[in-house]
Amino acid sequence: MSVNRLQGIPGFSIDRVAAAAGDDPEVLRLENLDTDLPLPPGVLAATQAALGRDDHNSYLPFTGQQALREAVARHVGGQTGQPYRPEQVVITCGGTEGMLDALLATTDPGDEVILTDPTYAGMIYRVRLAGAVPRLVPFVVQDGAWHLDLQALADAVGDRTRALFIMNPSMPSGAVLSRAAWDAVADLCRTRNLWLLYNAAMERILFDGRSLLHPASLPGMAARTLTIGSVSKEYRMIGWRIGWVAGPGSLMDDVARVHVYNVVTPTGIAQAGALTALHTAPEDLANAVATWQRRRDVLTEQLQGWPMIPAAGGWSQLLDVGTLGYDSFTASHLLLERGKIAATPMRDWGRHHSDRFVRLVFSNEPVERLAEMGARCAHALR
């Protein structure tokens, strides 16, 4: 019998789709946030060199190696225009650990946390694991793009609200918040004394010339924002499992305590690779983003006329199978069985109509294979 903490927390469906796809080379692998693009230059060599160093095979320092904390402080400072010290950074075992650390440091059981809908299931259910209550605010479609419902956002804030937990670009939709949306978020945080937990894992993976707007750059928000980042997406270092939480000094001692009693220490040898990545020239990410945008464009062209909003950033976008008469699990099964497309059902990734979507990850397949999507989807779902 499950403990109460796990009531209502589903298993992940991504691994089930992956297992069903097996190792069939004909299957388009659109189910998982992987990418085939190469690592930043020097990352592999730096990681290999760390294998033989005693200081990379130690529990210490618990909150991350000093050079990496300094690099992250410079990185976040550059994104925000605000000064960050190394003491304001805790290195974590990926951004996913950072999410739980941040939630445990800012919420008590029964507190409410506002998230977008849909959003990454790992965010929703970490809120539940922390003992807090998720309140979901929907994205709506306006002028062919996703927009956060700002009235619903304001209405969702109540006496028990403690934090807003937002990823931008959002996963799985690829939605990117507008300046007006960020201003509304910031205004709520300031006027209602709320924390902003900002999942910045993909913040620079932006398409069509969009510019980065880090919420901690807005007036008064540096003191209210915990930035949760990692090297997994922008630097394509998924297996290194290195992330960070950066925020105001008044809160970082609490984040560090949660981190230490959660996992004790981040992976030593992987920190060497992460440090090298953070010193990579900007052209490295720009080239990767250009490739991902081309893949998004091909996917969108292939499914022109299908109910799908192109991603404004990130690695994935949503196909609305509900308008075709399917729930997400049925559509996912048919896409794999008939079209040899591995796509994840979104039933547990929100509350408002999430079961009408399947997620299509375009970051791990070349344009030549994505050019088969139109015919494969038609065979599977029409």
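The values are calculated or read from the model by the stated rules, or taken from the named source; none is laboratory data. Here the structure is a predicted model, which is why all the values come from computation and not from measurement. Backbone-built Cβ (ideal geometry, glycine too); neighbour counts: all protein chains shown.
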Search result, residues across region 339-381 that are in a loop (DSSP other than H, G, I, E, B) and either assigned by TED's automatic domain parsing to the domain that holds Met167 or not charged (D, E, K, R) (or both)
Ala343, Met346, Trp349, Gly350, His352, His353, Phe362, Ser363, Asn364, Pro366, Ala371
Out of all the residues in region 87-106, which are closer than 12 Å to Val231 by Cα and either surrounded by fewer than 24 Cβ atoms within 10 Å (Cβ to Cβ) or not β-branched (Val, Ile, Thr) (or both)?
Cys93, Gly94, Gly95, Thr96
Does any residue in region 15-42 that is within 28 Å of Thr280 (Cα to Cα) and surrounded by fewer than 18 Cβ atoms within 10 Å (Cβ to Cβ) come within less than 6 Å, Cβ to Cβ, of a residue that is modelled with pLDDT of 95 or more and hydrophobic (A, V, I, L, M, F, W, C) six or more places away or on a different chain, and which pairs are these?
Leu37/Ala288
Just checking, which of Asp143, Asp111 is at pLDDT below 95 and either at positive phi or not β-branched (Val, Ile, Thr) (or both)?
Asp143
Which residues, counting only those in region 282-338, are out of contact with any Gly (no Cβ under 9 Å at 6 or more places or on another chain), of a type outside the set (Gly, Ala, Ser) and not in a helix (DSSP H, G or I)?
Met308, Leu319, Asp320, Val321, Tyr326, Asp327
Go through Leu177, Leu153, Leu188 for me and flag whichever is of a type in the set (A, V, I, L, M), under 12 Å from Thr116 (Cβ atoms), assigned by TED's automatic domain parsing to the domain that holds Ser250 and outside any loop (DSSP other than H, G, I, E, B).
Leu153
Kindly evaluate Ala73 against the criterion of being over 25 Å from Ser211 (Cα atoms) and modelled with pLDDT of 95 or more.
no
